[in-house]
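Enquirer: The structure's right below; bear with me while I get my questions together.
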Amino acid sequence: MAPSEVVVATAMSGSYKGMSSDNIKGLVLALSSSFFIGASFIVKKKGLKKAGSAGIRAGVGGYSYLYEPLWWVGMITMIVGEIANFAAYAFAPAILVTPLGALSIIISAVLAHIILREKLHIFGILGCALCVVGSTTIVLHAPQEREIESVKEVWDLATEPAFLFYAALVIAVVLILIFHYIPQFGQTHIMFYISVCSLVGSLSVMSVKALGIALKVTLSGMNQLIYPQTWTFALVVTVCVLTQMNYLNKALDTFNTAVVSPIYYVMFTSLTILASVIMFKDWDRQNPTQIVTEMCGFVTILSGTFLLHKTKDMADGTCIFFLVDL
């Protein structure tokens, strides 16, 4: 065998070694996370319905669901899913874990169709598919996260002018939505509740990353709990998560679960990627082809979101008329 053939054969034999044990663990955790989170939407919705029949509905400002055991089962299920998702990142790269979050949309839609009898017609299925394809495209072409070794490094990134402007803009928009638009249009327009959840969520994820880094570095022997930045990030996470939970409950109680779940996933993922790009300057390490591909994925997401919102109340028999209108 010629030397060149030996080199080629060696390269081919070593090009694929299968998934490592850590990657397999991350994959299993990510799949488990998607199942738990997708199922939690359904369990919480049933709890909200049960609580609403005996008290003031969450959609109109009630909190009777806090006394409903079924809602707490759904909440605990979601927490388990989020913990599994967080643990998955400890074993596998983000490029493997994050796209699998889209599976929770499919699980939620299928369970809603079977358990809650919320019909998902052909355009709803197509909208879900577009959302999943677009979100997966963005995530798969997103750059790798930069290496950070202390919570102070994250704080320096979070206090740069670009991200401070983004955070201030998010807070301003959320306050306007909460105090002006939601009281008037929250019951009839799904995007107001979901926008609050997604905008606040983009800030919470950045803070969760900071806490994750602080915990990882602390366990390695360098205590990060002594820094006030760590506790500031913890406070931001607490406020953001409580806000997300409140308005997600209102959205689930008011609108179809099969519509809430994919729209929330799409907006949350898109805004989180945007926040990460601003904070960690990811696009500085990408070529134009990668950026254009991500933008195409975003357009696909917008198409799926529009299709879901446009046809959410449409019966199967009226689908043909929608095609004619288009």
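Enquirer: In terms of solvent-accessible area of protein heavy atoms at a 1.4 angstrom probe, what is the ranking of I301, I213, highest value first? If you can, show how the numbers build up before the last one.
Expert: On the way: I301 5, I213 35 Å².
My answer, sorted largest first, is I213, I301.
Enquirer: A further question on this structure: So if I restrict to the alpha-carbon atoms in the range 111-244, what is the Rg, and what is Dmax, the biggest pairwise distance, in Å?
Expert: Computed over the Cα atoms of the range 111-244, radius of gyration and Dmax are 18.9, 54 Å.
Enquirer: Roughly how much of W72 is accessible, in Å² to the nearest 10, using a 1.4 Å probe?
Expert: About 110 Å², rounded to the nearest 10.
Enquirer: Hey, got a sec? Which GluC sites (Glu not before Pro) in the range 141-226 land in a DSSP loop and have at most 16 other Cβ atoms within 10 Å?
Expert: Details: sites: E145, E147, E149, E153; in loops: E145, E147, E149.
In loop regions of the range 141-226 (DSSP not H, G, I, E or B), the sparsely surrounded GluC sites (Glu not before Pro) are E145, E147, E149.
The values are calculated or read from the model by the stated rules, or taken from the named source; none is laboratory data. No experiment lies behind these values; they were computed from the predicted model shown. Here Cβ is always computed from backbone atoms with ideal geometry, including for glycine, and neighbour counts include all displayed protein chains. Ligands, DNA and RNA are excluded from the accessible area calculation, which covers all protein heavy atoms including side chains. Shrake-Rupley method; radii C 1.70, N 1.55, O 1.52, S 1.80 Å.
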